[in-house]
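Take a look at the structure below.
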Amino acid sequence: MSNVEPDPVTTRCANGPEAADPALHQVEILTPREVPLGGPRAMRVRRTLPQRARSFVGAWCFVDHYGPDDVALRGGMDLPPHPHTGLQTVTWLFSGEVEHRDSLGSHALVHPGELNLMTGGRGISHSEVSTARTTVLHGVQLWVALPDAHREAARDFQRYVPPPIRKDGAEIKVFLGSLLNAVSPVRTFTPLLGAELTLAAGSSLTLPVDAGFEHGLLVDKGDVELNGTVLSPAELGYLRPGIGSLTLRNTAPTGARVVLLGGPPFEEETVMWWNFIGRSHDDIVRAREDWASASDRFGEVEGYAGKRLPAPELPNATLSPRRNPPRS
Ligand code: MN
């Protein structure tokens, strides 16, 4: 496991000629689509990544946002054991409790404000179930693509509770990377930023950020201006690299909450299908076969009451790689 320092080299200068380029400050608004999760009770999530217009924000490659769901009405989360390759999963809750079990032997209850990061490089499997204590389920599920040099990384599971820091009416929990004077100790394979921010009514906050990073701001609640562009709940606002500060303004008379993601552009081509990230169609076919044949590549999840999730059928066509559109 390599430890990428959360203090990456700045590759662009915010005060250089690019700072004057208005296109740099143009926020691209990514709207979500509703997707049912697998499993018998099929909870619905709002997915903003990946989508046709954008595959990545840094190495972040998957953004699912759900709730607040009254689980008495909507069933909660019940994801039977399923596999992952080539990626890390991040569970971050605003409300509720999720029981995580994986083939590393981890058994964790995930709570709001607590990062749970699972690495499934060569292969891991896990189950996720909201507990009986949960009345309202609300949070995000995020994936990080592993760079080629580490895509076969060993199984790993890390937890971290970031201490909240405060600035200008905001409370900030930095769960990955660094922001202001907060640094997450959690190991990642590329430089990343991940933080939850709650913004008091009418507050405005300017954050210095790494100009080598691109950023995505997911609005959970409230209407929040990102560098002058208003984002509505469930939208992901994207900003290209080259910007040295982000200004968030909560124009609403009530509190707002957002999740800020960032990282240097992920330039590798990947093939993403179901729960797998590989580099080729054949990588995906092999991973699917290994799951279908219960190969020890993915191990066993102990203690889940029920069957594991079968892989869907592969499409007839060859899966093609995805990457971000070229920068203009
Ligand atoms: Mn999963």
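Scanning the range 102-122 for residues that are under 18 Å from the mean Cα position of the chain (by Cα), more than 13 Å from the ligand (Cβ to nearest atom) and closer than 25 Å to residue 287 by Cβ yields one hit, 121. With respect to the conditions (1) touching a Ser or Thr at 6+ places or on another chain (Cβ under 9 Å); (2) under 25 Å from residue 32 (Cα atoms); (3) crowded, with 23+ Cβ neighbours inside 10 Å, residue 102 lacks only one, and its number is (2). The one condition from (1) open to solvent by 10 Å² or more (accessible area, probe 1.4 Å); (2) under 24 Å from residue 164 (Cα atoms) that residue 224 does not meet is (1). Would you mind stating whether residue 132 is without any contact (Cβ under 8 Å) to a residue 12 or more places away in the chain, outside the structural domain of residue 202 (by TED's automatic domain parsing) and over 18 Å from residue 217 (Cα atoms)? Yes; evaluated as a whole, the condition is true for this residue. If you go through the range 7-49 and pick out every residue that is exposed (fewer than 13 other Cβ atoms within 10 Å of the Cβ) and modelled with pLDDT under 60, you end up with 6.
Hey, any hits in the range 136-146 for a residue that's of a type in the set (Val, Ile, Thr) and either away from the ligand (no atom under 15 Å from the Cβ) or farther than 26 Å from residue 36 by Cβ (or both)? Yes; the residues of the range 136-146 include at least one that is of a type in the set (Val, Ile, Thr) and either away from the ligand (no atom under 15 Å from the Cβ) or farther than 26 Å from residue 36 by Cβ (or both). Of the residues making up the range 88-105, those that are more than 16 Å from residue 160 (Cα to Cα) and in contact with a Gly (Cβ under 6 Å, 6 or more places away or on another chain) number 2.
Number of residues in the range 249-301 that are away from the ligand (no atom under 16 Å from the Cβ), among the hydrophobic types (A, V, I, L, M, F, W, C), under 18 Å from the mean Cα position of the chain (by Cα) and open to solvent by less than 10 Å² (accessible area, probe 1.4 Å) equals 5. With a requirement of 2 or more residues that are within 12 Å of the ligand (Cβ to nearest atom), touching a residue at least 60 places away in the same chain (Cβ under 8 Å) and hydrophobic (A, V, I, L, M, F, W, C), the strands (runs of 3 or more DSSP E) lying completely within the range 45-101 that satisfy it span 87-95. Of all the criteria given as (1) open to solvent by less than 30 Å² (accessible area, probe 1.4 Å); (2) more than 24 Å from the chain's Cα centre (by Cα), the one not satisfied by residue 307 is (1). Within the range 269-291, residues that are of a type in the set (Gly, Ala, Ser) reach no partner that is open to solvent by 30 Å² or more (accessible area, probe 1.4 Å) and modelled with pLDDT under 95 with beta carbons closer than 7 Å at six or more positions or on different chains.
Going through (1) buried (at least 21 other Cβ atoms within 10 Å of the Cβ); (2) over 21 Å from residue 276 (Cα atoms); (3) modelled with pLDDT under 95 one by one, residue 93 falls short only on (3). Report, by residue number, each residue of the range 105-125 that is in contact (Cβ under 8 Å) with a residue 60 or more places away in the chain, in a strand (DSSP E or B) and either touching a Cys at 6+ places or on another chain (Cβ under 9 Å) or closer than 22 Å to residue 46 by Cβ (or both). Once the filter is applied, which keeps residues that are in contact (Cβ under 8 Å) with a residue 60 or more places away in the chain, in a strand (DSSP E or B) and either touching a Cys at 6+ places or on another chain (Cβ under 9 Å) or closer than 22 Å to residue 46 by Cβ (or both), the range 105-125 yields 115, 117.
The values are calculated or read from the model by the stated rules, or taken from the named source; none is laboratory data. Here the structure is a predicted model, which means the values were calculated and not measured. Cβ atoms come from the backbone with ideal geometry, glycine included; neighbour counts cover every protein chain shown. The accessibility values were calculated without ligands, DNA or RNA, using every heavy atom of the protein model including side chains. Shrake-Rupley method; radii C 1.70, N 1.55, O 1.52, S 1.80 Å.
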